[in-house]
Structure formats: structure tokens, C-alpha cells
Number of protein chains: 2
Amino acid sequence: MENLYVNTAITIWENQVIRAENLFQKFTNEEWLSEICPGKNRVIYIIGHLIASADHISPIIGTGTAAYPELLDIFIKNPDKAISDLPPVEQLKKLWHKTNSRISVELKTLTNEDWLQKHKTVSIEDFAKEPHRNKLSILLNRTNHLTYHIGQLTLLKK
Amino acid sequence: MENLYVNTAITIWENQVIRAENLFQKFTNEEWLSEICPGKNRVIYIIGHLIASADHISPIIGTGTAAYPELLDIFIKNPDKAISDLPPVEQLKKLWHKTNSRISVELKTLTNEDWLQKHKTVSIEDFAKEPHRNKLSILLNRTNHLTYHIGQLTLLKK
């Protein structure tokens, strides 16, 4: 049965993915390698970070495994500029599409009840006390995480 | 009846309000008047903008009226630095608390069915085609808007 609460959350996630994409598609190759502000993260790092973050939604909500675990080290565990050998811009653009297309499909495989179940990184004890730490909260907070970085990427263009 | 989908969304909104507050409470008065990055919006403008944005949730979801309509002109209709006479920092801190406390209360007055009804700024025709443009979408997108600016405010401290 359709659940409009969940569908609303999924639609908003997908809209923000498109919004991020519309933003970075306008960046020149030079801008991809620029810092968003002097001394801050580079565009390429933030976008790689967002791909790795989306890729890891799957294991946390139990819909699959991360397809690019090697990105975790480059774009999440390490800060920008710690690793000099980043994937090229063209490859990141492809990974963005592949990952977000896959996540969109996976999000639609969960049932209404699944969305209210605990996610993988909360303990059974904590979840009993805090039932809002469910799979829906992962989707909402990943959307917040995405807009957090959209707010930063926007600075380069304004 | 409790609706865990809605409760999850409200909890996440409230957590992001606290997160923003924890961030700007550390700002000195000088930092409140600083730009987040050279040539970009000042902290005081972004926080005023977030207060005005929260204040206007009420009329959009139909739970009340905006308490500070004068903020709309200063912090939403005009860009930063267009108006030189901004409310003082101490007053903005009070308005932040008053507004977000009020919104928290108002969010809990809506029924489960209310959350799926159209909000005030979408037409009946558009809502018929796009039922996700409901009151829940306002809450989720205001949360996204909040984290968008948290991502910017964070730049001052990192």
C-alpha cells in the first residue's frame, strides 16, 4: 500500500539529488578543483564525499552493500587534501549517477513497516528507548547531509 | 494516535534546531558580524534569515500567523547588507528561542491526516497532481533549509 509519508520523504531526497547535480554540472573542471572558500574543502572532495555517503545508505538500511567501499577511505575517513590521488572528475560524475540511481531503486524496495524498523548502526537497547532512530531517519538525515553540502557548494557560484 | 513517521520528522527538525544553536552559541559578537567566507553572507544575516523562515512555517501549514512579519523584509526579501539597521544579536538570540519553541508546540497540534493535506502555497490543481506537496513536505524542506545554512555557518569555525 502506498504510504504518502514515506513517498514524500523519498521525493524530497530525489529532488535534492537533482538540485545538487544541477549545481555542480555548471562547474568548470577548474572549479571542481577549487576550494569552496579560501582554505576550505574542494568541490571534488565534497562531491566524492556525497557519493560515498549515498553509497553507504544501502548497508545502513539493509537494502544492499556499498558498491564503492574504497571511497570511504578517500572521502569520509580522511579529510580533503590528505589523499592526493582522487578519482578523476569524469569518473565521479558517473559514480554520482550510478549510485543515486541505485539508491532510488533500493528506497522503493522497503515496506511501510521496514521504514520504522531500526537501522544497522543503532543498538537494540537504544532503539527501544528512541524509536525515531529508524530507517526513515537515515533517509531524512542523509537528505539533511546533502543540503548541508549544497549550502557550501552554492558559495562558489554566488 | 501516534504516527512514528511524523514524529521522526519532528524529532529531526528539533535536533537540527539544537545543532544550529550549539554552533552559533560559540560565536563571539565579532563573529556574529563576520562574513562566513570573504564576500558572503554574515552570520547575523543567516541567523535572522533562519528565524524568519521558521516564523513563517505557521501560516504555510495553517497552525498560526507569523509573529515577526517585519523580519521578512530584512532577512528574506532583501539580501545581506541591503538593510543596515539589523536587530541586535541579543534580540535575535531571544527571537530564535521564542520562535523555535512556538513552532515545536504548533507542529504537535497537527493530526496525522493534517500532515498529508496541502499547504498554503500550493494550488488545488497542482496538489491533485503532486500529493507530496503536503504539510509534511514543508517540515522536511524547512529542515533541509536549516541544514543548508548550518553547512555554511560551520565554515566560520572549522
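The values are calculated or read from the model by the stated rules, or taken from the named source; none is laboratory data. Everything numeric here is computed off the predicted structure, so don't read it as measured data. No Cβ is skipped: glycine too gets one built from the backbone with ideal geometry, and neighbour counts run over all protein chains shown.
Just one of (1) in contact with a strand residue (DSSP E or B) (Cβ under 7 Å, 6 or more places away or on another chain); (2) more than 12 Å from chain A (Cβ to nearest Cβ) trips up B:Ala82, so point out which.
Here B:Ala82 meets the rest and fails (1).
Which of (1) more than 14 Å from A:Thr154 (Cβ to Cβ); (2) touching a residue at least 60 places away in the same chain (Cβ under 8 Å); (3) within 14 Å of another protein chain (Cβ to nearest Cβ); (4) crowded, with 16+ Cβ neighbours inside 10 Å is the odd one out, the single condition A:Ala54 does not satisfy?
It is condition (3) that A:Ala54 fails.
So that you can scan it fast, the table gives a plain yes or no per residue for (1) under 16 Å from the mean Cα position of the chain (by Cα); (2) aliphatic (A, V, I, L, M):
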{"site": "B:Thr65", "(1), (2)": "yes, no"}
{"site": "B:Pro79", "(1), (2)": "no, no"}
{"site": "B:Glu90", "(1), (2)": "no, no"}
{"site": "B:Ile103", "(1), (2)": "yes, yes"}
{"site": "B:Leu107", "(1), (2)": "yes, yes"}
{"site": "B:Leu110", "(1), (2)": "no, yes"}
{"site": "B:Asn141", "(1), (2)": "yes, no"}
{"site": "B:Asn144", "(1), (2)": "yes, no"}
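Assess whether B:Glu113 counts as being free of Cβ contacts under 8 Å to residues at least 24 places away in the same chain, of a type in the set (Asp, Glu), within 14 Å of chain A (Cβ to nearest Cβ) and surrounded by fewer than 20 Cβ atoms within 10 Å (Cβ to Cβ).
yes
Filter the range B:128-144 for residues that are without any contact (Cβ under 8 Å) to a residue 60 or more places away in the chain and touching a His at 6+ places or on another chain (Cβ under 8 Å); which is farthest from B:Glu14 (Cα to Cα)?
If we take residues in the range B:128-144 being without any contact (Cβ under 8 Å) to a residue 60 or more places away in the chain and touching a His at 6+ places or on another chain (Cβ under 8 Å), then B:Arg133 is farthest from B:Glu14 (Cα to Cα).
Please determine, by comparing only the residues of the range A:1-32 that are free of Cβ contacts under 8 Å to residues at least 40 places away in the same chain and among the hydrophobic types (A, V, I, L, M, F, W, C), which one is farthest from A:Asp114 (Cα to Cα).
My answer is A:Ile18.
Check the range A:24-37 and report whether any residue there is in contact with a helix residue (DSSP H, G or I) (Cβ under 8 Å, 6 or more places away or on another chain) and basic (Lys, Arg).
The answer is no, given that none of the residues of the range A:24-37 is in contact with a helix residue (DSSP H, G or I) (Cβ under 8 Å, 6 or more places away or on another chain) and basic (Lys, Arg).
Would you confirm whether any residue within the range B:116-127 is outside any helix (DSSP H, G or I), touching a residue at least 40 places away in the same chain (Cβ under 8 Å), within 14 Å of chain A (Cβ to nearest Cβ) and on the phi < 0 side of the Ramachandran plot?
Yes, there is a match, as at least one residue in the range B:116-127 is outside any helix (DSSP H, G or I), touching a residue at least 40 places away in the same chain (Cβ under 8 Å), within 14 Å of chain A (Cβ to nearest Cβ) and on the phi < 0 side of the Ramachandran plot.
So for the range A:13-30 (the condition being within 14 Å of chain B (Cβ to nearest Cβ), within 26 Å of B:Leu140 (Cβ to Cβ) and of a type in the set (Phe, Trp, Tyr)), does at least one residue qualify?
yes
Looking only at residues that are more than 7 Å from chain B (Cβ to nearest Cβ) and touching a Leu at 6+ places or on another chain (Cβ under 9 Å) in the range A:132-152, which one is surrounded by the fewest Cβ atoms within 10 Å (Cβ to Cβ)?
Result: A:His145.
Would you confirm whether any residue within the range A:72-84 is under 19 Å from B:Thr154 (Cβ atoms), small (Gly, Ala, Ser) and either buried (at least 20 other Cβ atoms within 10 Å of the Cβ) or modelled with pLDDT under 95 (or both)?
Within the range A:72-84, not a single residue is under 19 Å from B:Thr154 (Cβ atoms), small (Gly, Ala, Ser) and either buried (at least 20 other Cβ atoms within 10 Å of the Cβ) or modelled with pLDDT under 95 (or both).
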